[in-house]
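The structure appears below as structure tokens.
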Amino acid sequence: MKPITRSTAWIYGSMSLPLAIISYPLAVWIPRLYSTEIGIELGLIGLVIFCAAIFDAISDPAMGFMSDRFQTRWGRRKPWIAIGVPIYAMAVWMLLNPSEGATVLYLALFFILLRLATTLLGLPYAAWGMELSGEYHTRTMIQSAREKYVLAGLIVASAIVLISEEVFDDRTASFVLSNFSWVIVTLLPITAILVLFKVPEVPVAQTPRVSLVQSLQHMGKNKLFFRLLAIELLIAGGENFRNTLSLFFVQDYIGADRVGRLYVLYFGIGLLAIPIWDWIAKRFGKHQSLAAAMVLVSLISLACFALDYGQITEFYVLFALKGFCFGAFAYLPRAMLADVVDFDTVRSGDSRPASYFAILGFMTKCAASFGGLSLPLLGLVGYSVAKGAVNGPSELMWLGVLYAIVPPLLFIWALYLCVTWPLTARLHQRLQRLVERKQARYSRSSMDGAALK
């Protein structure tokens, strides 16, 4: 395999920028828009988020298998991305610009359509990145470049909120989300064209093909993969549970009515921290770095719970420290997945990164449904999101518990799985040599078989 250049990695990562922008409004602003301005109950919004995760249970594995199996003259990954981009843009526009009479069915339709479009272009895109290199640290470099674009996209998302608040003096969710939609539908086609025409697909190695049933059987025997799924579910679940409550916590528990500056700081620190996490991962290993990030975020969460209303400066400091860990949560599990796939390749002889990423992506989206669980729980303790509503000390205390205490409880189990992770850089080098030998043997046998015909 030809070594990938750093410039190619940067071009590949560029499409992550517009794709990342949507994650901020989905997690933070959509619940506020559809509950406070449209008037849909929090429990119903949470149900939509949960049902979308069920839909992903079907679409993600199917898309992963198809992307791995269907080879075209343009490659295995590029055609799906080209199909997904216009669907994604349309779904974003409709979801972020609802009419005043929008119903929960409207929300469900375009939320699920956006999930489908994300699957169509996101899974092949992610698998493509894993195939660009087989080397342990180069894979970290590729995922790191991609994550820098993710954080840049989140900074752009925060800047949209900041400009809406400070320049236009409009903090309504409908105005903010309309601005998001314009930026996303403009940037996504530009970056998609750049990636499709400038980044080559890696030629598919001659390997034996296995059926869907055999593929699932091999995955079921990959114990490291199940461990990584558990890590992803616990980390992403805790963060999504928290993120859905972020706007309520910042505005009602802390008393910071303008959040644009806060998130620019958060994601800006996260972007600056990625080179540090790269160094830590190279020095101590990806799994140990991820464990360190979990410990730090847990301590920060507990400190946030101890804050009183009006301690905005103190919260800014803690939130910036949490932003320092954001990149580690986002890209280290995916860099670990690329290594885990090699175990399956050695056992079966077939490389199926998209199928693996589909399952991991499904687990990430299941974790996103945790955000849907936090909303009904918030309503259950008597918290009101109606305009002009005043919540008492008990309701605010429970908001603090859900935001700051629940996520660290989930991290405890993920921390144990990371600390005991067995796949080190040295072991992966031996694994990669086995993969290369197996693929070379199969290529030679295929050529010999063709010569005898």
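Just so it is clear, none of the values below were taken in a lab; they were calculated from the coordinates. Small disclaimer: the values here were computed from a predicted structure and weren't measured. Reconstructed Cβ throughout: ideal geometry from the backbone, glycine too, with neighbour counts over all protein chains shown.
Between the residues Ile87, Tyr106, Pro124, the greatest Cα displacement towards the positive end of the dipole of segment 33-160, with unit charges on the Cβ of Lys, Arg, Asp and Glu, is found for Pro124. When the charge dipole of segment 116-197 is built from unit charges on Cβ atoms (+1 for Lys and Arg, -1 for Asp and Glu) and taken about the Cα centre, the candidate among Ile184, Val161, Tyr149 whose Cα reaches farthest toward its positive end is Tyr149. Relative contact order for the chain: 27 percent, from Cα pairs under 8 Å spaced at least 6 residues apart, divided by residue count. Restricting the calculation to alpha carbons of the chain gives Rg and Dmax of 22.1, 82 angstrom.
The charge dipole of the chain, taken about its Cα centre with unit charges on the Cβ of Lys, Arg, Asp and Glu (plus for the first two, minus for the last two), comes to roughly 2360 debye.
Relative to the Cα centre, the charge distribution of segment 1-145, modelled as +1 at Lys and Arg Cβ and -1 at Asp and Glu Cβ, gives a dipole magnitude of about 680 debye. Using θ = phi - 60° in the Karplus curve 6.51 cos²θ - 1.76 cosθ + 1.60, the 3J(HN,Hα) couplings for segment 339-344 round to 6, 5, 4, 4, 4, 5 Hz; x is entered for Gly and Pro. Close amide-amide hydrogen proximity is noted between Ser384 and no other residue 5 or more places distant or on a separate chain, at a cut-off under 5 Å (H modeled in the peptide plane; Pro and chain starts excluded).
Taking amide H as placed 1.01 Å from N in the peptide plane, the amide H of Arg258 sits under 5 Å from none that are at least 5 places away or on another chain. Work through the residues other than Ile40 whose Cβ is under 13 Å from its Cβ and net out their charges, Lys, Arg +1 and Asp, Glu -1. Within the 13 Å Cβ shell, the charges total -2. The helix-only estimate of mean residue ellipticity at 222 nm for the chain, built from DSSP H runs of length n ≥ 4 each weighted as -39500 (n - 2.57), is -26000 deg cm²/dmol after division by the residue total.
Quick check on my link table: of Lys148/Lys221; Lys78/Lys282; Lys223/Lys365; Lys221/Lys365; Lys198/Lys223, which ones sit more than 29 Å apart, alpha carbon to alpha carbon? From the list (Lys148/Lys221; Lys78/Lys282; Lys223/Lys365; Lys221/Lys365; Lys198/Lys223), the Cα-Cα distance tops 29 Å for Lys148/Lys221; Lys78/Lys282; Lys198/Lys223.
Classify segment 251-295: rounded, prolate or oblate, from the alpha-carbon gyration tensor (a ≥ b ≥ c, eigenvalue square roots; a/c under 1.5 rounded; otherwise prolate if a/b is larger than b/c)? The shape class here is oblate. Once the Cα atoms of helix 353-380 and of the chain are each reduced to a long axis, what angle between those two axes, in degrees from 0 to 90 to the nearest 10, is obtained? On a 0 to 90 degree scale, this one is about 10.
Does segment 34-170 classify as rounded, prolate or oblate by the C-alpha gyration tensor (a ≥ b ≥ c root eigenvalues; a/c under 1.5 gives rounded; else a/b over b/c gives prolate, otherwise oblate)? Verdict is oblate for segment 34-170.
In order along segment 97-110, phi translates into HN-Hα couplings of 10, x, 7, 4, x, 4, 10, 5, 5, 4, 4, 5, 4, 7 Hz, rounded to whole numbers, per the Karplus curve 6.51 cos²θ - 1.76 cosθ + 1.60 with θ = phi - 60° and x for Gly and Pro. Taking chymotrypsin sites (Phe, Trp or Tyr not before Pro) in DSSP loop conformation with at most 15 other Cβ atoms inside 10 Å as exposed sites, the chain has its longest uninterrupted site-free stretch at 310-453.
Positive contributions from Lys and Arg (+1) and negative ones from Asp and Glu (-1), summed over other residues with Cβ under 13 Å from the Cβ of Val195, come out at +3.
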